[in-house]
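Enquirer: This structure is in structure tokens; I'll ask about it shortly.
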Amino acid sequence: MSLRLGWLAEVLGDSPTLNLSSQAQALIKAGEPVINLTAGEPDFPTPDPVLAAARAALADGHIRYTASAGIPELREKVAAYYTAASGLPYAANEVIVSNGAKQVLFNALSVLLNEGDRVAIPVPYWVSYPAQVTALRGKVIEVAPSRGWKVTPEDLERSGAREARALILNSPVNPTGAVYDRAELAAIAEWCRSGDFFILADEIYEDLVYTGAGHVSLVQVAPDLRHRIVRISGLSKSYAMTGWRVGFGLADKPTIDAMTRLQSHSTSNVCTIAQKAALAAFDCRPQVAEMRQAFHRRRDALVAALAGVGGVRFAVPDGAFYLMLDCSEVIDPARRREGCWRLASHLLEKQKLATIPGEAFGAPGCLRISFARSEAELREAVARLRVGLRGFPG
Ligand code: PMP
Ligand code: GLU
């Protein structure tokens with residue numbers, strides 16, 4: 001008799017974003033002249049004060065377990081930062097430090113969902129939302145926008161999101177770069193008031209907004225819903241610290257306590273050295289602003305270059321570092337099922353250009369382009385894209 005793995009081993013695929021990104025990196029390491037537009041991570045170095053704090057932590061022997069929810073000084077700093085940023089008081093015991101925003105999300109979904117519960121997820125979505133819901137034996141309700149890339153209360157109502165136990169609202173959005181403004185958030189908050197569900201506000205790209213109005217957090221427009229909102233963020237994107245694995249969750253104490261209990265049995269604390277280093281990140285706001293300006297310039301360079309490419313359409317991203325390129329015009333309708341997987345392979349093989357097919361995010365016919373690359377690389381990438389599209393058989 002052969003033992004079989006459990007049900008999850010059969011249904012769970014790998015993360016296409018991480019997978020395609022490491023494939024591209026492996027090709028580059030092997031000497032291939034690949035331009036890698038897959039990676040959802042800044043290419044800047046982590047700010048010096050953070051590196052110095054990590055070295056000091058090692059020198060001072062901070063090498064032991066910490067409290068599972070994080071060292072008290074860091075929880076206090078996070079609480080103080082978000083209190084000041086949003087004008088809503090957060091206490092240290094309303095903060096958890098986890099292994100990236102990814103674990104915050106997993107902890108939150110784990111303690112909020114019961115088996116079979118539904119979670120409403122706007123489409124297109126970041127790849128790990130449906131995967132995590134599935135892993136927790138929940139069910140996904142996809143909420144498709146009727147216009148553009150952002151969902152409205154009408155879209156939520158039409159998709160049956162009212163039946164959900166939780167709604168994941170990500171802004172700025174991975175993979176489209178869309179940013180919900182105050183009025184749009186207020187309308188969604190008003191719709192949420194008429195229902196009874198939790199809201200996971202994934203604001204990991206909060207510092208990367210290129211509009212004058214900047215980032216607006218859901219709790220700012222709906223402080224009365226705060227007891228139902230788990231705010232998710234972290235250092236990965238704003239501070240160029242993807243590999244450090246420092247994410248933050250902010251919610252009511254009972255929710256944070258439950259998430260902490262789970263974390264204490266699963267991964268325990270985030271690496272002690274990374275936590276100590278994270279304390280220095282909050283002094284690096286000027287570096288965050290510099291990186292945002294650089295991303296803004298890159299966004300503009302990419303948009304300007306793409307404007308001259310035929311057969312594709314896109315909306316200018318207002319935030320994050322992604323642009324969703326609609327390539328459906330160049331795809332043979334008879335081969336729509338394979339969608340952009342074929343196009344992405346073609347671009348990689350023939351043009352050494354790595355992108356991620358929109359199908360991974362629930363956006364068929366599109367390619368996700370990360371503009372966390374230098375302006376020179378982005379211009380070269382668009383030149384290759386133009387040639388690649390011309391040579392694509394459809
Ligand atoms: N949410 C979104 C929307 C993301 O794009 C990412 C990308 N990694 C995460 C959460 C997870 O971030 P982290 O690396 O901090 O786990
Ligand atoms: N979130 C980033 C992306 O979408 C990093 C990879 C991942 O964690 O999915 O590319």
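Enquirer: Over the chain, what relative contact order in percent results from Cα pairs under 8 Å that are six or more residues apart?
Expert: Working: 741 pairs, mean separation 89.5, N = 394.
Computed over the chain, the figure is 23 percent.
Enquirer: Work out from phi, with θ = phi - 60° and the Karplus expression 6.51 cos²θ - 1.76 cosθ + 1.60, the ³J(HN,Hα) of each residue of the range 364-373, listed in order in whole Hz, and give x for Gly and Pro.
Expert: x, x, 10, 10, 8, 10, 8, 9, 7, 9
Enquirer: Could you tell me the calculated FRET efficiency between Ile28 and Ser268, based on Cβ-Cβ distance and R0 = 22 angstrom, to the nearest 0.05? Could the numbers behind the result be given before it?
Expert: Numbers: r = 34 Å, r/R0 = 1.56.
It comes to 0.05.
Enquirer: Based on the alpha-carbon gyration tensor of the range 1-154 and its eigenvalue square roots a ≥ b ≥ c, which shape applies: rounded if a/c is under 1.5, prolate if not and a/b is larger than b/c, or oblate? Display every interim value, and only then the final one.
Expert: Numbers: a/c = 1.44, a/b = 1.17, b/c = 1.23.
Here the range 1-154 falls in the rounded category.
Enquirer: Report the number of Lys pairs in the chain whose alpha-carbons are under 30 Å apart, with separation of 8 or more residues or on distinct chains.
Expert: Count of close lysine pairs: 22.
Enquirer: Then there's this: Take the Cβ-Cβ distance between Ser345 and Arg313 as r, set R0 to 22 Å, and report the resulting FRET efficiency rounded to the nearest 0.05.
Expert: Values: r = 22 Å, r/R0 = 0.98.
Plugging the Cβ-Cβ distance into 1/(1 + (r/R0)^6) gives 0.55.
Enquirer: Which GluC sites (Glu not before Pro) does the range 68-141 hold that lie in a coil by DSSP with at most 16 other beta carbons within 10 Å?
Expert: Glu115
Enquirer: Keeping the other protein chains in place, figure out the carbon and sulfur percent of the accessible area of the chain, with a 1.4 Å probe. Mind dumping the intermediate values first?
Expert: Details: 8940 of 16730 Å².
Using a 1.4 Å probe with all protein chains present, the chain comes out at 53 percent carbon and sulfur.
Enquirer: DSSP loop (so not H, G, I, E, B), at most 14 other Cβ within 10 Å: list which trypsin sites (Lys or Arg not before Pro) in the range 78-160 pass both filters. Intermediate values should be presented prior to the final figure.
Expert: On the way: sites: Lys102, Arg118, Arg137, Lys139, Arg147, Lys150, Arg158; in loops: Arg137, Arg147, Lys150.
Of the trypsin sites (Lys or Arg not before Pro), the ones in loops of the range 78-160 whose Cβ has at most 14 other Cβ atoms within 10 Å are Arg137, Arg147.
Enquirer: Right, here's the next one. Does the range 179-275 come out rounded, prolate or oblate, given a ≥ b ≥ c as the square roots of the eigenvalues of its C-alpha gyration tensor, rounded meaning a/c under 1.5 and, failing that, prolate meaning a/b above b/c? All intermediate terms of the calculation are to be shown ahead of the outcome.
Expert: Values: a/c = 3.41, a/b = 1.29, b/c = 2.64.
The shape class here is oblate.
Enquirer: Highest GNM mean-square fluctuation, the chain, Cα pairs closer than 10 Å: which of Tyr205, Tyr322, Tyr82?
Expert: Top of the fluctuation ranking is Tyr82.
Enquirer: If you project the alpha carbons of the chain onto their three principal axes, what span does each projection cover, largest first, in Å?
Expert: Its Cα atoms span 63, 57, 51 Å along the three principal axes.
Enquirer: Based on the alpha-carbon gyration tensor of the range 311-394 and its eigenvalue square roots a ≥ b ≥ c, which shape applies: rounded if a/c is under 1.5, prolate if not and a/b is larger than b/c, or oblate?
Expert: Values: a/c = 1.87, a/b = 1.26, b/c = 1.48.
Judged from the Cα gyration tensor, the range 311-394 comes out oblate (a/c at least 1.5, b/c at or above a/b).
Enquirer: Could you check the spin-label model distance between Ala289 and Arg4? Points 7 Å from the Cα along Cα→Cβ, value in nm.
Expert: The answer from the label model is 5.9 nm.
Enquirer: What does the helix-only formula give at 222 nm for the chain: each DSSP H stretch with n ≥ 4 adding -39500 (n - 2.57), the total divided by the residues, and the result rounded to the nearest 500 deg cm²/dmol? Don't skip to the answer; put the middle values down first.
Expert: On the way: 14 runs with 164 residues, N = 394.
Value at 222 nm, helices only: -13000 deg cm²/dmol.
Enquirer: Ok, one more. If the chain between Glu142 and Glu157 were fully stretched, how many nm would it gain, using 0.36 nm times the residue separation less the Cα-Cα distance? Kindly include the intermediate steps, with their values, before the conclusion.
Expert: Numbers: separation 15, 0.36 × 15 = 5.40 nm, distance 1.15 nm.
My answer for the length gained is 4.3 nm.
The values are calculated or read from the model by the stated rules, or taken from the named source; none is laboratory data. These numbers were taken from a predicted model, which means no experiment stands behind them. As a convention, Cβ positions derive from the backbone with ideal geometry for all residues, glycine included, and neighbour counts pool all protein chains shown. When the accessible area is computed, the model is the full protein with side chains, heavy atoms only, and any ligands, DNA or RNA have been set aside. Shrake-Rupley method; radii C 1.70, N 1.55, O 1.52, S 1.80 Å.
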